[in-house]
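Notes for the one structure printed next.
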Amino acid sequence: MDSVASRPVTAIYPGSFDPVTNGHLDLITRASNIFDKLVVAVAHNLEKDPLFSEKERVEMLETATFKWVNVEIDVFDGLLMDYARAKKAGVIVRGIRAVSDYEYELQMAMMNRKIEPDIETVFMLPAEQYSYLSSRLVKELARLGGPIRDFVPANVQERLSAKFK
């Protein structure tokens with residue numbers, strides 16, 4: 001048991017991050033304090049029509065997370081459990097804002113457990129001020145010319161402003 005307890009734990013925080021918000025950064029901050037290594041994995045998701053390219057999302061994340069030495073930004077495609085095995089991760093981190101998130105995330109966590117029983121899913125709640133925040137809402141607000149300064153890092157605010165000029 002001691003060897004398991006002393007083994008470094010790698011966690012993966014997957015998502016589209018289109019764009020990264022302060023809510024995402026809140027979870028990244030707290031997860032990086034819990035786990036030895038945190039891989040923030042940008043999903044290559046063809047079902048969604050992203051506003052930002054994978055390259056842009058990675059760049060925004062790298063800029064926003066450069067101060068955390070144990071945080072790595074990566075892109076993945078395909079089955080999350082295959083990616084987690086390849087990264088030798090023991091944990092998947094997922095953010096839960098509302099009951100509707102929980103229902104969806106529970107289904108995914110149970111399916112992932114069936115596929116790979118040795119990888120745990122950890123649900124994290126955002127700080128209260130980010131409990132309603134989503135990338136979708138930020139994009140909508142930016143598209144309509146609303147104030148987004150309090151919801152995203154400065155580099156993301158600049159990129160969103162450029163997209164909707």
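Given the options PHE52, PHE66, PHE17, name the one that is more than 12 Å from the chain's Cα centre (by Cα), surrounded by 21 or more Cβ atoms within 10 Å (Cβ to Cβ) and either at pLDDT below 95 or not aliphatic (A, V, I, L, M) (or both).
Residue meeting the stated conditions: PHE52.
Cβ-Cβ distance below 8 Å, separation of 6 or more or different chains: which pairs start in the range 147-162 with a residue that is among the acidic types (Asp, Glu) and end on one that is modelled with pLDDT of 95 or more and in a helix (DSSP H, G or I)?
These pairs meet every condition: ASP150/ASN22.
Could you please give the count of residues in the range 52-98 that are closer than 21 Å to ARG159 by Cα and in contact with a Leu (Cβ under 8 Å, 6 or more places away or on another chain)?
Matching residues across the range 52-98 total 3.
Condition check: touching a residue at least 24 places away in the same chain (Cβ under 8 Å) and outside any helix (DSSP H, G or I). Does LYS67 satisfy that?
no
Residues being over 27 Å from SER161 (Cβ atoms) and of a type in the set (Ser, Thr, Tyr): count how many of those fall in the range 112-140.
Of the residues in that region, 1 qualify.
Condition test on ALA142, is it aliphatic (A, V, I, L, M) and either in contact with a strand residue (DSSP E or B) (Cβ under 7 Å, 6 or more places away or on another chain) or buried (at least 19 other Cβ atoms within 10 Å of the Cβ) (or both)?
So ALA142 fits the description; yes.
Please go through the range 88-114 and pick out each residue that is at pLDDT 95 or above, surrounded by 15 or more Cβ atoms within 10 Å (Cβ to Cβ) and among the basic types (Lys, Arg).
Across the range 88-114, the qualifying residues are ARG94, ARG113.
Taking the range 156-165 only, how many residues are touching a helix residue (DSSP H, G or I) at 6+ places or on another chain (Cβ under 6 Å) and at pLDDT below 95?
1
Evaluate the following for ARG85: is it buried (at least 19 other Cβ atoms within 10 Å of the Cβ), at pLDDT 95 or above and among the charged types (D, E, K, R)?
Judged against the criteria, ARG85 is not a match.
Taking the range 119-146, which residues are over 20 Å from ILE34 (Cβ atoms), in contact (Cβ under 8 Å) with a residue 40 or more places away in the chain and among the hydroxyl-bearing types (Ser, Thr, Tyr)?
Residues satisfying the conditions are SER134, SER135.
The values are calculated or read from the model by the stated rules, or taken from the named source; none is laboratory data. Remember, it's a predicted structure, so these values are computed and weren't measured experimentally. Virtual Cβ from ideal backbone geometry, glycine too; neighbours counted across all protein chains shown.
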